[in-house]
1. Looking only at other chains, what is the average number of their beta-carbon atoms within 10 angstrom of each beta-carbon in B:580-590?
2. If you fit an axis through the alpha-carbon atoms of helix B:392-403 and take the longest principal axis of the Cα set of chain B, what angle between them do you get, 0 to 90°, nearest 10?
3. With contacts defined as alpha carbon pairs under 8 Å and 6 or more residues apart, what's the relative contact order of chain B in percent?
4. Take peptides B:96-109, B:70-83, B:36-49 and line them up by average Cβ neighbours within 10 Å, highest first, as a rough protection proxy.
5. From other protein chains only, count the Cβ atoms within 10 Å of every residue's Cβ in B:177-184, then give the mean.
6. On full extension of the chain, what length is gained from B:E350 through B:K300, given 0.36 nm per residue of separation minus the C-alpha to C-alpha distance?
7. Quickly estimate the mean residue ellipticity at 222 nm for chain B, helices only: each DSSP H run with n ≥ 4 gives -39500 (n - 2.57), and the total goes over all residues, rounded to 500.
8. Please report the antiparallel percentage of the DSSP beta bridges confined to the range B:298-382, to the nearest 5.
Amino acid sequence: MSVLDVPRPRINCSMLSQHINRAVCFLGRVEKVHPTGKSFTVVDGEGKTATVELNEPLEEELSGIVEVVGMVSNKGAIMAATYNLLREDKGASFDLELYNEAVTVIHDFPQHYPFQVAASG
Amino acid sequence: MKLTEGAIAALSNGNGGNDPVLQLVNIRKIEGGNGPARFRVMMSDGQHTLSSFMLSTQLNYLAEESKLAPNCICILKKHVTNILKDGRRVVIILEVDVIKSAQDVQGRIGDPTPYSDGQNKVQQSAPVPASRPPLQPQNGNEAVNRGFNRDVGKKAPPLAMPSTPGGGSKVVPIASLNPYQSKWTIRARVTNKSSIRTWSNSRGDGKLFSMELVDESGEIRVTGFNQEVDKFFSLIEVGKVYYVTKGSLKIANKQYTSVKNDYEMTLNGETSIIPCEDSCDVPMVQCDFVSIGDLENRDKDAIVDVIGVCKTVDEVTRLTTKSNREVSKRTLGLMDMSGKVVSVTLWGEEAEKFDGSGQPIIAIKAAKLSDFGGRSLSASFSSTLMINPDIPEAYKLRGWYDKEGHAMDGMSLTELKGGSGGGNTNWKALADVKNEHLGHGDKADYFTCIATIVYLRKENCLYQACPSQDCNKKVVDQQNGMFRCEKCDKEFPNFKYRLILSANIADYGDNQWVTCFQESAEAILGQNAAYLGQLKDSNEVAFDEVFQQANFNTFVFRNRVKLETYNDESRIKATVLDVKPVDHKDYSKRLIMSIRKMAAQ
């Protein structure tokens, strides 16, 4: 079961513990890349830090806003399946706090923002 | 007949009882000099007597018709106890019912003794006017004391006061001034001083200046002519407190002023104005603030006092008036706790010197309300602008703004042309147009929405307009190579293409047909009218392509809606005033705020 086949809710650090062993989408600003390149830390809109672990070491230096899709491990780290950097050179700057507020809203009103597998024809 | 024993003691101590039954022992007329007579009354409750009752002048007829006569029994229905500067108390009788007339009563009930509240100022003899300090008039049941409600906008009719003997060095409230009493002194702050104005007519020349004085009880307009201008104009400084005495009072000419007082004062040869050192408890200003949200309910041209947070402020601009005078102008957005924002225009030096940084609290006295853009305010020459005034309303606003107000967008009462004055927008969803019956009122309604274009009518979107600079009237094709403009009354060999684009826009809830004129149409289509006109005539495919590309784009639309009636049929007409790309951050913030607000309800 690929992480990419299931719905993955957007979360921030404070929600990691509720999503252990589940697929999530985590968005934050890259803080520090481990010297081995196999993991890096990200800061979310609330200023909290999470660790992202990769299957293969990074080939380039990572910085800026990154969106990671992966599973949350028992230890609360995100085992990344994919990640993508948001371009900061184009368009309006990304407002991480505003994003965090939106994520909070999504989780405060699950009845309006349900996470379901889309029924396919 | 049972009298209410203990009532005299209670009244003397300022604790008015409930409708005490008293016996009138004595009533004495005191000539009022310039004004109506006053009646001094001695009352008994069977236990004590008290001679410091005064009949309010509206009840003089009771004494004159001998309804109130020694020995009659009455119920004191309404009264006010005033404490004089020397500690003595005077009970003003405002309403009294005679329940047993004097002739029906045998004599004095009980054996009352004069009540003394420790002051030993028992007066049985006729009071000599010279020894009686002035009584203060009342606003209904309110005792006039210091520490008055600062927002007193209502003015009670002043009751005639007994003459203040001996030069009247006791200070009386402005609210008590009237033409019938001449010996008074007020202690007031100057809130506004005009410049010296001169005139010259067949009867001669003259000069005058005017000012407004304020104290805890109210305000009054004061004018000085000729010699008084020389005597007082330079002495008086706005914001300072003065003792003023011996001015002439007359009925106010409300045409020239919005000051809330039935009377106004004129300085004369006997007037004296002396600076007062101890001024801290005289209020700075007398304002009757109207909530910004209420301005919609006021008539245009009304004069109002407002107070609010200066949410936005524009750069100062200069414009030339019809009389070719150059004048400076600046607009600011004022918001209060009603959540509504109104545009305020400042002029001249006030506009130039204004510093709106830091969102100051702005109070304006006597601002002029206009229906420009819906509702807007102007600080005219007779308005007083105060920045961060030292009044409780200002502190309340500051506290509210710091806690919640700063996060609010505020709904603007003023529709500004060409781009909002920084965040004053009335956001609506398209369904609201029908649900809230926008445009159904006397005036058009303005709102802003985010919507997607779902249809553009490309047929007849272009018309041939007069090529003159400021004329956009449709020209008539004379079929001879000439085009006639009826408005300019001229013929031209050419025309300019202009756009009137009919579009349907939609959001999650509803759709709306709107008309877009030149600027907004060009913004939506991404091409100018001239080019489109050319395309239409030469390359239809390319012309169609423009419309294809423009379809399904989302914008921020600012619209004007009005109900219009054609031959018994009423329809809402919506016009697009401005089109802007969506600011997603702004939109997200608003959505989150709406969600949170809805959740809290």
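1. The shielding value for this peptide is 2.
2. The helix B:392-403 is inclined about 40 degrees to chain B.
3. Details: 1312 pairs, mean separation 40.7, N = 601.
Dividing the mean separation by the residue count of chain B yields 7 percent.
4. B:36-49, B:70-83, B:96-109
5. For this peptide, the per-residue mean of nearby foreign Cβ atoms is 0.
6. Details: separation 50, 0.36 × 50 = 18.00 nm, distance 2.30 nm.
Here the segment from B:E350 to B:K300 would lengthen by 15.7 nm.
7. Taken over chain B, the calculation gives -4000 deg cm²/dmol.
8. Details: 24 of 27 bridges.
Among the beta bridges of the range B:298-382, antiparallel pairing accounts for roughly 90 percent.
Coordinate-derived values only; no laboratory data. Predicted model, so just to flag it, every value in this text is computed and none were measured. Please note: Cβ atoms are built from the backbone with ideal geometry, for glycine as well, and neighbour counts cover all protein chains shown.
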